[in-house]
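This report refers to the structure that appears directly beneath it.
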Amino acid sequence: MSFIPFLQTASNGVNATSTTGGFISSAALMVLLIVIFYFFLIRPQNKKQKETEKMLAALKKGDKVVTIGGIHGIVSSLKEKTVIVKVDDDVKMEFSRSAISGVENEPVANEKSAKTTKKVSDDAAPADGESSEEKK
């Protein structure tokens, strides 16, 4: 048994009111999809772009940054369109501002004090009286 004759008779019996209702439901579905795309794709992307622009505008000397290539460093100086990042003691690299993907929360001054605190605690004698060489 073929479905084609059944579909042809069904389409011949369709009146004008059902095609108008089909158009309205299709239009409503399209509007719903546009609203969903706006709230789940477009709006979050615009929000993230504004946050990135704000972060790049707030860059200052001494900030710890990460580039889009994964290079970590400290901002050495700023120019209009570029940032010079100190990667190591004698290594400075110049990046476009758009190449900075994020600023780490911890400022450089806190990092130095954290290293000093860690060094002091590492040098302290163990609580049980044994030295670190005796444990090894």
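Of the residues in region 82-90, none is under 22 Å from residue 49 (Cα atoms), touching a strand residue (DSSP E or B) at 6+ places or on another chain (Cβ under 7 Å), in a strand (DSSP E or B) and open to solvent by 40 Å² or more (accessible area, probe 1.4 Å). Just for region 43-68: of the residues that are under 15 Å from residue 98 (Cβ atoms) and open to solvent by 70 Å² or more (accessible area, probe 1.4 Å), which one is nearest to the chain's Cα centre (by Cα)? Looking at the filtered set, the residue picked out is 48.
The values are calculated or read from the model by the stated rules, or taken from the named source; none is laboratory data. Everything numeric here is computed off the predicted structure, so don't read it as measured data. Because the Cβ atoms are built from the backbone with ideal geometry, glycine has one as well, and the counts that use them run over all protein chains shown. Keep in mind that these areas ignore ligands, DNA and RNA; they rest on the heavy atoms of the full protein, side chains included. Shrake-Rupley method; radii C 1.70, N 1.55, O 1.52, S 1.80 Å.
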